[in-house]
Amino acid sequence: MDPSSLDHAHAEVRRRLESVGAQQWDLPTPCDGWSVRDLVEHMAVGATMTRQLLAGEIWTRDAVVEEVSSAPDLKVEWEWRTSEERAGFAATGALGRTIAHPVMGEIPCSQFLGMRVGDALLHSWDLARAISADDQLDPELVAEVWAGMSPMAGFIGKSGFFGSGASGAVGQDASLQTRLLDLSGRRP
């Protein structure tokens, strides 16, 4: 996976985010307890966390959450914060380093990139579902994220990040998107 995958995953989010109307910010998403606003704020905060970690800075969660939640235009806020995230991964030598992730500990930046691509891609589906938009994801990205997540199937449900993980009800004959969504605790 390379930084262009993050560009594509962000394009998936942007495609849905551009159509969020003023009355849709409070709609529920498939993410338990999150509105559209909560989901987009989460993605913007995550992008800044990523930029700070890639730059070797201390993650300033509370300050970033406050900045994002008080932004006058959340679409603009998401756009500039994710552009900084993409620039961080595209920087010379970034993928050859490790970062000190606040939950995962020391991990290779290449692994962190895969996590961030998966986060953006899956949340683009969440956003699409919330606003009743097209929820078909880019098949190449789905395959990339599946390749990174499927080896962790036994851990995913225990991690606390993906609900209960795979339901056990989706067969190998289901589309890869359906299998990925199910693996990530979503029930399409």
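Read-outs throughout are calculated quantities, based only on the coordinates presented, and are distinct from any laboratory measurement. Note that this is a predicted model, so its numbers are computed, not measured. Here Cβ is always computed from backbone atoms with ideal geometry, including for glycine, and neighbour counts include all displayed protein chains.
Once Cα Rg over 2.2 N^0.38 Å is calculated for the structure shown, the corresponding label among (1) 1.10; (2) 2.98; (3) 0.99 turns out to be (3). When only the Cβ of Lys, Arg, Asp and Glu is charged (+1, +1, -1, -1), the dipole of the chain relative to its Cα centre reaches about 340 debye. Each of Val103, Pro30, Ser69 was scored by the projection of its Cα onto the charge dipole of the chain, and the greatest displacement toward the positive side belongs to Val103; charges sit on the C-beta of Lys, Arg, Asp and Glu. Which net charge results for the neighbourhood of Ala55, defined as the other residues with beta-carbon distances under 14 angstrom from its beta-carbon, given Lys and Arg at +1 and Asp and Glu at -1? Result for the neighbourhood of Ala55: +1.
Note on the chain: dipole from Cβ charges, positive end direction compared against Ala169, Ala120, Ser4; the farthest Cα belongs to Ala169.
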